[in-house]
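Presented below is the structure to which this report refers.
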Amino acid sequence: MKTTTSIKFIAITLAAMFGLAAAASAADTAGQLPPASTKTGVTYAADIKPIFEASCVKCHSGDKPKARLKLDTLDNALKGSKDGKVITAGDSANSLMVKCVAHTTSDHDSWMPPAHNKANIGPLTPEQIGLIRAWIDQGAK
């Protein structure tokens with residue numbers, strides 16, 4: 001009987017640990033995002049397009065954009081990719097775009113720009129990600 005109680009205790013403890021680990025993992029991902037910029041009035045044309053032109057449109061424009069995601073215009077960026085929207089206006093922390101450029105997704109293939117890309121484009125800076133977050137939080141206009 002003592003063995004059965006011990007096994008139950010171990011099972012409950014492990015379940016609790018795994019549950020806490022999953023919650024901690026989700027919190028860690030959210031904590032890894034750079035904060036949104038405090039800049040107000042962020043727009044695609046003035047603030048975001050230059051970032052996209054330097055780091056994104058080489059692959060995400062033209063006739064065959066990667067993942068069918070075009071970032072060369074505001075309308076195209078808001079349309080999203082073959083898998084759906086990548087921007088959730090008003091909610092940068094839950095926008096796939098932010099997770100991908102901040103490299104917080106568990107799928108490393110979705111990290112943008114990719115670590116080893118033909119154009120040797122480096123990752124976005126925390127300041128650039130913060131500006132993208134502010135833009136999205138302010139309505140992605």
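The values are calculated or read from the model by the stated rules, or taken from the named source; none is laboratory data. Everything numeric here is computed off the predicted structure, so don't read it as measured data. Note that we place each Cβ from the backbone using ideal geometry, even for glycine, and neighbour counts take in every protein chain shown.
A few points about this structure:
- Hey, THR13 under 25 Å from ASP109 (Cβ atoms), assigned to a helix (DSSP H, G or I) and modelled with pLDDT under 50 or not: no
- Scanning region 82-141 for residues that are among the hydroxyl-bearing types (Ser, Thr, Tyr), out of contact with any Lys or Arg (no Cβ under 7 Å at 6 or more places or on another chain) and under 22 Å from LYS58 (Cβ atoms) returns SER95, SER110, THR125.
- Every residue from region 34-62 that is under 14 Å from LEU124 (Cα atoms) and either out of contact with any helix residue (DSSP H, G or I) (no Cβ under 7 Å at 6 or more places or on another chain) or modelled with pLDDT under 95 (or both): LYS49, PRO50, PHE52, GLU53, ALA54, SER55, CYS56, VAL57
- Of all residues in region 29-45, those satisfying the criterion of being assigned to a loop (DSSP other than H, G, I, E, B) and either surrounded by 12 or more Cβ atoms within 10 Å (Cβ to Cβ) or of a type outside the set (Ser, Thr, Tyr) (or both) are LEU33, PRO34, PRO35, ALA36, SER37, LYS39, GLY41, VAL42, THR43.
- Positions within region 83-141 being among the charged types (D, E, K, R), more than 15 Å from TYR44 (Cα to Cα) and within 11 Å of the chain's Cα centre (by Cα), in sequence order: LYS99, ASP107
- Any pair with Cβ under 6 angstrom, 6 or more apart, that starts in region 121-135 at a residue that is modelled with pLDDT of 95 or more and ends at one that is among the basic types (Lys, Arg): ALA134/LYS39
- Of the residues making up region 102-141, those that are part of a loop (DSSP other than H, G, I, E, B) and of a type in the set (A, V, I, L, M, F, W, C) are ALA102, TRP111, MET112, ALA115, ALA119, ILE121, LEU124, ALA140.
- Identity of the residue in region 63-82, touching a helix residue (DSSP H, G or I) at 6+ places or on another chain (Cβ under 7 Å) and not in a helix (DSSP H, G or I), that ends up nearest to PRO34 (Cα to Cα): LEU71
- Restricting region 46-62 to residues that are part of a loop (DSSP other than H, G, I, E, B) and surrounded by 15 or more Cβ atoms within 10 Å (Cβ to Cβ), the residue that is nearest to the chain's Cα centre (by Cα): CYS56
- Flag if VAL98 is surrounded by 17 or more Cβ atoms within 10 Å (Cβ to Cβ) and in a loop (DSSP other than H, G, I, E, B): no
- The set of residues in region 63-73 that are surrounded by fewer than 16 Cβ atoms within 10 Å (Cβ to Cβ) and closer than 17 Å to THR43 by Cβ contains only THR73.
- Cβ-Cβ contacts under 7 Å between residues 6 or more apart (or on different chains), taken from a first residue in region 47-66 that is closer than 12 Å to ALA119 by Cβ and small (Gly, Ala, Ser) to a second residue that is crowded, with 17+ Cβ neighbours inside 10 Å and at pLDDT 95 or above, are listed as SER55/PRO113; SER55/LEU124.
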